[in-house]
Amino acid sequence: MNIAIIGYGKMGKEIERLALEMRHNIVVIIDVDKQNASFSEFRGIVDVAIEFSIPSAAEFNIIKCLENGISVVTGTTGWTPNYEQIQALCDKNKTAFFKASNFVIGVNAFITITEKLAKIFEKYPTYKIKIEETHHIQKLDKPSGTAVTLAEVIINNNQRFSGWKLSENETQDENYITIKSERIGDVFGDHKIIWESPEDVIILQHSAKSRRGFAYGALMAAEFIKGKTGIYSMKDLLNI
């Protein structure tokens, strides 16, 4: 598969290493020095672009790729796609768009378990909830995209909660899920969901041991959407 890597930070470099191990071909690497690239020169050459850039650049990168017939996998968080525009571009150019806040297989199993627990605890209001996440100090968005995804999954499956809010203390709100975010050292990604009642506590936790799991999931997504049209997610890839 012919791949373009957009964003050549730590994740971009990990994707490059693993892609070459998997015998894919890296056609081009686009970083800040080419952040306004037109992508037209790669039409018909690149099968899929894997995009891990920054929130302010992600939409431009993705739209330009789709306009030029290049399907896109993105893991950039901290921005909200215009899905109507993206769907229209995918239909017009026979391309695919795949977005995930986290590509690690274990995290997506974690999200599925979270959905189930949210439904169970809707009937038991004595259980309060909070989410805690920790990442490396270079991570720009706060809270993490994965923490937001977890909160949204709970909200969509438990009518007790109407939203989430970022909180730096332990204060909890009956109607909101509190998310505590920390940025420490070179932590790859820790997420914890705590359901607590006066009688007991349930703690769900996922800790990433390296960036390799993120890169592997992104490459799986790229292989999955090659030749497809439309918008996809990890639920489609993992059939969950």
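The values are calculated or read from the model by the stated rules, or taken from the named source; none is laboratory data. Nothing here was measured: the structure is a model prediction, and the numbers come from that model. Neighbour counts run over all protein chains shown; Cβ positions are idealised from the backbone, glycine included.
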Handout entry: Candidate set: the range 24-44, residues that are closer than 20 Å to residue 13 by Cα and at pLDDT 90 or above; chosen: the one surrounded by the fewest Cβ atoms within 10 Å (Cβ to Cβ)
Key = 25
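Keeping to the range 194-209, report how many residues are loosely packed, with under 15 Cβ neighbours inside 10 Å, in contact with a strand residue (DSSP E or B) (Cβ under 9 Å, 6 or more places away or on another chain) and in contact (Cβ under 8 Å) with a residue 40 or more places away in the chain. Reasoning before the result, please.
Going through the range 194-209, the residues loosely packed, with under 15 Cβ neighbours inside 10 Å turn out to be 197-203, 205, 207, 209.
Subsequent filtering for residues that are in contact with a strand residue (DSSP E or B) (Cβ under 9 Å, 6 or more places away or on another chain) retains 197, 201-203, 205, 207.
Filter once more, so that each one left must be in contact (Cβ under 8 Å) with a residue 40 or more places away in the chain: 197, 202.
Matching residues across the range 194-209 total 2.
Based on this model, can you work out whether residue 32 counts as among the hydrophobic types (A, V, I, L, M, F, W, C), more than 22 Å from residue 93 (Cβ to Cβ) and out of contact with any helix residue (DSSP H, G or I) (no Cβ under 6 Å at 6 or more places or on another chain)? If you could, list the steps in order and put the result at the bottom.
Numbers: among the hydrophobic types (A, V, I, L, M, F, W, C): yes; more than 22 Å from residue 93 (Cβ to Cβ): yes; out of contact with any helix residue (DSSP H, G or I) (no Cβ under 6 Å at 6 or more places or on another chain): yes.
Considered against the rule, which asks whether it is among the hydrophobic types (A, V, I, L, M, F, W, C), more than 22 Å from residue 93 (Cβ to Cβ) and out of contact with any helix residue (DSSP H, G or I) (no Cβ under 6 Å at 6 or more places or on another chain), residue 32 comes out as yes.
Restricted to the range 62-91, and to residues that are of a type in the set (Ser, Thr, Tyr) and over 23 Å from residue 47 (Cβ atoms), which residue is modelled with the lowest pLDDT? Reasoning before the result, please.
To start, the set of residues in the range 62-91 that are of a type in the set (Ser, Thr, Tyr) comprises 71, 74, 76-77, 80, 83.
Still in the running and over 23 Å from residue 47 (Cβ atoms): 77, 80.
Values: 77: 86, 80: 89.
Of everything passing the filter in the range 62-91, 77 is modelled with the lowest pLDDT.
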Handout entry: Among (1) outside any loop (DSSP other than H, G, I, E, B); (2) among the basic types (Lys, Arg); (3) over 28 Å from residue 142 (Cα atoms), the one test that residue 23 misses
Key = (1)
Exercise for the section: Return yes when residue 53 is in contact with a Gly (Cβ under 6 Å, 6 or more places away or on another chain), under 30 Å from residue 142 (Cβ atoms) and among the hydroxyl-bearing types (Ser, Thr, Tyr) and no when it is not. Expected result: yes
Completion exercise
Contact list, first residue from the range 87-106 and in contact (Cβ under 8 Å) with a residue 60 or more places away in the chain, second anywhere and surrounded by 22 or more Cβ atoms within 10 Å (Cβ to Cβ) and in a loop (DSSP other than H, G, I, E, B), beta-carbon distance below 7 Å, six or more apart or interchain, is 95/70; 100/75; 103/75
Exercise for the section: With the condition kept exactly as written, say whether any residue in the range 55-67 is surrounded by fewer than 17 Cβ atoms within 10 Å (Cβ to Cβ), free of Cβ contacts under 8 Å to residues at least 60 places away in the same chain, under 19 Å from the mean Cα position of the chain (by Cα) and under 26 Å from residue 105 (Cβ atoms). Expected result: no
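Kindly indicate which of 50, 45 is more than 19 Å from the chain's Cα centre (by Cα) and of a type in the set (A, V, I, L, M, F, W, C).
Within the list 50, 45, the selection yields 45.
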Practice task
Pull up the range 210-227, narrow it to residues that are surrounded by fewer than 16 Cβ atoms within 10 Å (Cβ to Cβ) and over 19 Å from residue 14 (Cα atoms), then point me to the one that is farthest from the chain's Cα centre (by Cα).
Solution key: 227
Practice task
Taking residue 226 as the residue in question, decide whether it is outside the structural domain of residue 120 (by TED's automatic domain parsing), touching an Asp or Glu at 6+ places or on another chain (Cβ under 6 Å) and within 29 Å of residue 98 (Cβ to Cβ).
Solution key: yes
Exercise for the section: For residue 47, work out the one condition from (1) more than 18 Å from residue 11 (Cβ to Cβ); (2) free of Cβ contacts under 8 Å to residues at least 24 places away in the same chain; (3) in contact with a Ser or Thr (Cβ under 9 Å, 6 or more places away or on another chain); (4) not basic (Lys, Arg) it doesn't fulfil. Expected result: (2)
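I'd like to verify a number: residues in the range 203-233 that are part of a helix (DSSP H, G or I) and at pLDDT below 95, how many?
Step one: list which residues in the range 203-233 are part of a helix (DSSP H, G or I), which gives 212-225.
Then drop every residue that is not at pLDDT below 95, which leaves 212-214.
Selection size over the range 203-233: 3.
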Practice task
Kindly indicate whether residue 134 is touching a Pro at 6+ places or on another chain (Cβ under 8 Å) and farther than 30 Å from residue 63 by Cβ.
Solution key: no
Problem - Residues of the range 82-95 classified as crowded, with 17+ Cβ neighbours inside 10 Å and either under 25 Å from residue 215 (Cα atoms) or touching a strand residue (DSSP E or B) at 6+ places or on another chain (Cβ under 6 Å) (or both), total - result: 3
